[in-house]
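Step one of this worksheet: look at the structure below.
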């Protein structure tokens, strides 16, 4: 069970290497390194952060998702101490100790907070569920299996062969 307690650095690096459309990245680092100079490719800057990083969704709701994506148009929500506001995309990697909370409480909170897209990564079944925000809450866009190419409505044009991730 401990193998899934936190996303492995190898898994994150693998995902990182398959996200060319997400032009700006920060390396896995504590929140204190939030404002390190971003990598710039193709003159487009987005930010991706890995846990641990605080995301303040409201005065009462502070979470630490496994992966956070913020588009270049919304970089103003990044502050020195934390991210304040709903990121464009949050990704949770399931572990036995967090799976129920990620699928219920966090999913509901992220939808209520306005996170446009939410992914649930299941390393046991080697699948990723992509949810998109609708007025009624999250709707499953698609469940991607290890033999498929991951795509995202939010990240148009991005395709990741899951066989190279899992």
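Data overview
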{"read-out": "Ratio Rg/Rh, restricted to segment 123-166 and using Cα atoms, in which Rh is the Kirkwood radius", "value": "1.01"}
{"read-out": "Cα-projected label distance for residue 142 with residue 124, points at 7 Å along beta-carbon direction, nm", "value": "2.5"}
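Each reported figure results from applying straightforward, stated rules to the coordinates on display, with no laboratory input. Please read all numbers here as calculations on a predicted model, not as lab measurements. Here Cβ is always computed from backbone atoms with ideal geometry, including for glycine, and neighbour counts include all displayed protein chains.
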